[in-house]
1. For segment 343-433, which fully contained helices (runs of 4 or more DSSP H) count at least 2 residues that are among the charged types (D, E, K, R) and either closer than 23 Å to GLN250 by Cβ or modelled with pLDDT of 70 or more (or both)?
2. Taking segment 173-211 as the region of interest, how many residues are without any contact (Cβ under 8 Å) to a residue 40 or more places away in the chain and among the basic types (Lys, Arg)?
3. Any residue at all in segment 229-240 that is in contact with a Gly (Cβ under 6 Å, 6 or more places away or on another chain), farther than 21 Å from ILE313 by Cα and not in a helix (DSSP H, G or I)?
4. Take the residues in segment 232-249 that are surrounded by 14 or more Cβ atoms within 10 Å (Cβ to Cβ) and out of contact with any strand residue (DSSP E or B) (no Cβ under 9 Å at 6 or more places or on another chain); name whichever of them is nearest to PRO95 (Cα to Cα).
5. If you check LEU116 against the conditions, is it within 20 Å of ALA165 (Cβ to Cβ) and touching a Gly at 6+ places or on another chain (Cβ under 6 Å)?
6. List every residue pair whose Cβ atoms sit under 6 Å apart, with the two residues 6 or more apart in sequence or on different chains, where the first one lies in segment 120-138 and is in contact (Cβ under 8 Å) with a residue 40 or more places away in the chain and farther than 21 Å from GLU164 by Cβ and the second, anywhere, is of a type in the set (Gly, Ala, Ser) and not in a loop (DSSP other than H, G, I, E, B).
7. Does at least one position in segment 95-118 carry a residue that is more than 24 Å from the chain's Cα centre (by Cα) and either without any contact (Cβ under 8 Å) to a residue 24 or more places away in the chain or crowded, with 24+ Cβ neighbours inside 10 Å (or both)?
Amino acid sequence: MHLTVYFSDSTSIQAVSAFRVATIAPPPAYVSAAGRCTQQQTLNITGLPWTATGYAGTSQVAVSGTGTATIFFSDASCADKKVRKPIIFLDGYDPNNTRNAYQIYEQYINVGQQKLADKFREDGYDLIVLDFADGGDFIERNAYVLIALLQRLQTDYGPWLQEEAVVIGPSMGALIAQYGLAKAEEMCINTGVRLYISFDGPHQGANISIGIQQQFGWLVQSSITPSSISENDLPMNRPAAKQMLLYHYQPSGNTQVLPHWYRNVFVQNLRQAGYPKACRNVAIVNGANNAQPQTRLKPEDDLLNPGDEILRIRITLGSYFWNGMDLVRWKTYASGSVPWQHSTDMYTYGPVKSLLGIPTVNKAHFSQPALGNLSLDAIAGGTTNTTGLIKQLTNDALHNPGIPPTDNIITWLGSTLKYIALSINDVGVDNIQVTTSRPNQSFIPTTSSVDLNQINGIQQISTD
């Protein structure tokens, strides 16, 4: 916690402190009161026009972002539907726009026994979920949507507002809130916000395993995807992902790992904006504060080590004579902590290569460690189940009747694997194995979520 006291003679003093929330027994399950308010209202929000200045290869025409703000009224506001005590919850990274406000309410805020969303409303708070029309667009553009929402609340509900707003930004939403609130103050816009909460925000960058990025990038670049899917459709190739990822597969190679140039521009924009000064700023961390690296599925399991295999996709020949022969063996590894460590090993049997038109039977990628010889996949921090999700969705696609639609890259992967299996004698869907012993990798390093100006795998923020 940073405290700055400004004196009338233009001098100032600063103090820094931290507090730790002790582990306590969970409270009993929350039970919603009878007669819960069912009133909602949806506002269509259009942000100020924003130009992607500095982002090479993008249109330099000013374009407005849009979104919908769904107001879940409190019990106290149910009758007249006037916002009195707003809590604004922002959506995070959603490149395919698969979440709406009601799913965000139930699956992210109201999840678990505590039913936080219901509790807010029973306590008199009006919960507002801001869902961006393009959840993978530039962070700055969506930040202007937040500014427009805050202005709309002042215009539509100003006489009824009893408290200034609380803005909660999970993951990418934390960056949208930080930039939006700071820019609003810069433009002398009264935001009416008293508290900004960053929940596991990637203030110093996010991580998706470089091997996963390389694997999907290679599969698309090999031109075996349907024409409806391009490399730009990959989740890590949307503008916001390029802005957040510490390392991106496109500029990286076997000799170095680099961020996308979008990130360099965004970091400069975010630093220039800084943090809002008219409200209290709080960061909530979802990772270990004692530099404890990632484990497997449970804390007592072995640690996730740099270079561990995290995903295996395998198709075996099922005939008696060739039983067990690999037709496809695509393996992905956690990022390494030493130079020239395998990040992927993509083996494809010759006839299958010809069937798919893959230019080479074997394709291997390598990676270099991050600054300080770190494996970002194993570093302390909040996790994402990237490989676990790939396994789940691919297996779902495999066992659905017929070839599933190719509306996203993972269902496409299931389609391709099934196509291989059904195109070769003695091979069926049961011969396809998608396995992972490491479904979770580090996503938001702990030092990133508290905005320390370095990604550090050994710093214990609980004591430093």
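1. 386-398
2. The number of residues fulfilling the criteria is 0.
3. First pass over segment 229-240, keeping only residues in contact with a Gly (Cβ under 6 Å, 6 or more places away or on another chain): 238, 240.
Imposing the further condition that a residue be farther than 21 Å from ILE313 by Cα reduces the set to 238, 240.
Still in the running and not in a helix (DSSP H, G or I): 238.
Checked segment 229-240: at least one residue is in contact with a Gly (Cβ under 6 Å, 6 or more places away or on another chain), farther than 21 Å from ILE313 by Cα and not in a helix (DSSP H, G or I).
4. Residues of segment 232-249 that are surrounded by 14 or more Cβ atoms within 10 Å (Cβ to Cβ), as a first pass: 233-249.
Filter again for out of contact with any strand residue (DSSP E or B) (no Cβ under 9 Å at 6 or more places or on another chain), leaving 233-235, 239, 243.
Details: ASP233: 9, LEU234: 9, PRO235: 6, PRO239: 9, GLN243: 13 Å.
Top of the filtered list is PRO235.
5. Taking the combined requirement at face value, the residue does not satisfy it.
6. ASP131/GLY67; ASP131/ALA101; PHE132/GLY67; ALA133/GLY67; GLY136/ALA240
7. No, segment 95-118 contains no residue that is more than 24 Å from the chain's Cα centre (by Cα) and either without any contact (Cβ under 8 Å) to a residue 24 or more places away in the chain or crowded, with 24+ Cβ neighbours inside 10 Å (or both).
So that you can scan it fast, the table gives a plain yes or no per residue for (1) of a type in the set (Val, Ile, Thr); (2) under 28 Å from ASN44 (Cα atoms); (3) touching a Phe, Trp or Tyr at 6+ places or on another chain (Cβ under 9 Å):
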site: GLN151; (1), (2), (3): no, yes, no
site: GLY158; (1), (2), (3): no, yes, no
site: SER171; (1), (2), (3): no, yes, yes
site: LEU175; (1), (2), (3): no, yes, yes
site: LEU181; (1), (2), (3): no, yes, yes
site: GLU185; (1), (2), (3): no, yes, no
site: GLY211; (1), (2), (3): no, no, yes
site: GLN215; (1), (2), (3): no, no, yes
site: GLN221; (1), (2), (3): no, no, no
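The values are calculated or read from the model by the stated rules, or taken from the named source; none is laboratory data. Everything quoted here is computed from the prediction, not taken from an experiment. Note that each Cβ is placed from the backbone with ideal geometry, even for glycine, and that neighbours are counted across all protein chains shown.
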